[in-house]
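This report concerns only the one structure given below.
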Amino acid sequence: MMDAVLRLEGVTRQYSLGKTIVHALRGVDLVVHNGEIIALMGPSGSGKSTLLHILGALDTPTSGTALIDGIDVKSLAERKLTQLRGQRIGFVFQTFNLVPTLSAQLNVELPMIFQRVPRRTRATRARTLLTRVGLGDRFSHRPNELSGGERQRVAIARALANDPEIIIADEPTGNLDSESGGRILEHLAGLSRDDGKTVIIATHDPDAAAVAGRIVRIKDGRLITTQEGVHV
Ligand SMILES: Nc1ncnc2c1ncn2[C@@H]1O[C@H](COP(=O)(O)OP(=O)(O)O)[C@@H](O)[C@H]1O
Ligand SMILES: [Mg+2]
């Protein structure tokens, strides 16, 4: 429980937009321990997605350091980084990012195809994961044949495809009614509680804060406070 899996030290991220520079992160220090569940809360535009992308090694800081297991992400070659991302991190995107032409099952198989998992194994695993998120009767449906909540659950199943130790979810309940949202939060909480996964959820949702072991608040690109949640 005490091992730091992710660590940010003095992380800034600037975006250039023409002549303006947007300071999305202004010096963030954060340690994420193995097996904890964190809710990252803050207003729209405060830097949540930027922070998650850096934690998930999808993006690198403009300055400062992002470490995974003590290894500076910037020191890794692209190949190594892609491998690490594919095997250790499951990312649930705010807008799902499912492939519209593929069935739910194939969407979940995709990350396993990249890891060269044999066909039979990956088909079985995709079906198991979809069943686990309550989509046992939706294997062949394409994204546009699914509701928002179902798509979100496919995205979660896909994030779990390669059994990652770290799951990062960007506003996973943002587009859902409170009942489907609640089920998704319960599922994410279970991954930490029952399977020992490290889970980080960006959210506006007070219900998400309730399942978190720790709440990290961000405003204008800076962490303002961190507080223990109810489950610690
Ligand atoms: N690719 C980008 N180019 C320019 N500005 C960006 C880009 N992505 C995010 N930003 C800006 O950075 C700030 C933080 O954005 P973001 O991390 O998406 O916040 P949040 O997820 O909390 O809504 C915002 O002001 C946003 O407009
Ligand atoms: Mg965002």
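At a glance:
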read-out	value
For the range 104-160, size of Cβ-based charge dipole, Lys and Arg +1, Asp and Glu -1, in debye	260
Per-residue HN-Hα couplings for the range 164-170 [Karplus 6.51, -1.76, 1.60; θ = phi - 60°; Hz; x = Gly/Pro]	x, 7, 10, 10, 10, 10, 9
Accessible surface of the range 4-228 [probe 1.4 Å, protein heavy atoms]: carbon and sulfur percent	49
The chain: relative contact order in percent, alpha carbon pairs under 8 Å with at least 6 residues between	27
Charge sum, other residues only, whose C-beta stays under 12 Å from P164's C-beta, Lys/Arg counted +1 and Asp/Glu -1	+1
Listed residues G148, G181, G18, most fluctuating in the chain (Gaussian network, C-alpha, under 10 Å)	G18
Choice from V133, V216, V199 showing the highest fluctuation, given a GNM over the chain with Cα pairs closer than 10 Å	V133
Angle between the chain longest axis and helix 119-132 axis [Cα atoms, degrees, rounded to 10]	80
Residue-averaged [θ]222 nm for the chain, counting only DSSP H segments that reach four residues, each worth -39500 (n - 2.57)	-10000 deg cm²/dmol
Dipole of the range 4-228, positive end: most advanced residue of A57, Q94, A189 [Cβ charges, Cα centre]	A57
For G90, distant residues with modelled amide H under 5 Å away	I166, I167, I168
DSSP-defined antiparallel bridges as percent of all bridges, the range 83-232, nearest 5	35
Percent of Cα pairs exceeding the 27 Å cut-off, where the set is the range 4-228	32
0 to 90° range, to nearest 10: angle between helix 78-88 axis and the chain longest Cα axis	60
Average accessible area per residue (Å²) across the chain - probe 1.4 Å, nucleic acids and ligands excluded	49
Trypsin sites (Lys or Arg not before Pro) within the range 56-136, DSSP loop, no more than 10 other Cβ atoms inside 10 Å	R116
³J(HN,Hα), Karplus 6.51/-1.76/1.60, whole Hz, each residue of the range 18-23, x for Gly, Pro	x, 8, 8, 10, 9, 8
Listed residues Q115, Q152, Q94, most fluctuating in the chain (Gaussian network, C-alpha, under 10 Å)	Q115
Helix axis angle, 148-159 relative to the chain longest principal axis, alpha carbon, degrees	80
Table column - 3J(HN,Hα) (Hz), the range 48-54, Karplus curve with 6.51, -1.76, 1.60, x for Gly and Pro	4, 5, 4, 5, 5, 5, 6
Those lysines that a straight Cα-Cα span of less than 23 Å connects to K219, excepting residues fewer than 8 apart in one chain	K48
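The values are calculated or read from the model by the stated rules, or taken from the named source; none is laboratory data. None of the values given here were measured: they were computed from a predicted structure. Cβ sites come from the backbone with ideal geometry, for glycine too, and all protein chains shown count toward neighbours. The area values use the complete protein model at the heavy-atom level, side chains included, leaving out ligands, DNA and RNA. Shrake-Rupley method; radii C 1.70, N 1.55, O 1.52, S 1.80 Å.
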